[in-house]
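Structure first, then comments.
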Amino acid sequence: MDEKCKKIMKCLSDYIDGEVSENLCKMVEQHLEQCFECRCIVNSLKNIVELLHQLPEEHIPEEMEKKLLERLRQALFN
């Protein structure tokens, strides 16, 4: 994975959610046309997002949600 791929990976979530600028969207799409590895990753992520949207919404107890979010913050930012 080269530096361009690494840059693309940083914005993939926003790209998949349609939350990037038109210029960035074009840049990502041009890269995906040329890069099989990134294209596979994007396709996999899109499939996962689609499957997740099909799941019924589950509610968890508020205290459990707080603990889970705190653990996620620790894992991501420490």
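All of the numbers you see were taken from the coordinates with simple rules; none came from a lab. Since the structure is predicted, the reported quantities are computational estimates derived from the model, not experimental observations. No Cβ is skipped: glycine too gets one built from the backbone with ideal geometry, and neighbour counts run over all protein chains shown.
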Residue within the range 14-22 that is of a type outside the set (D, E, K, R) and exposed (fewer than 12 other Cβ atoms within 10 Å of the Cβ) present: yes
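Here's a check for you: in the range 65-78, which residue that is exposed (fewer than 10 other Cβ atoms within 10 Å of the Cβ) and assigned to a helix (DSSP H, G or I) is farthest from the chain's Cα centre (by Cα)?
Residue satisfying both the conditions and the ranking: 74.
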Which numbered condition residue 5 fails, given (1) under 13 Å from the mean Cα position of the chain (by Cα); (2) in contact (Cβ under 8 Å) with a residue 12 or more places away in the chain: (1)
Top-ranked residue in the range 17-64 [being within 21 Å of residue 7 (Cα to Cα) and outside any helix (DSSP H, G or I); ranked as nearest to the chain's Cα centre (by Cα)]: 17
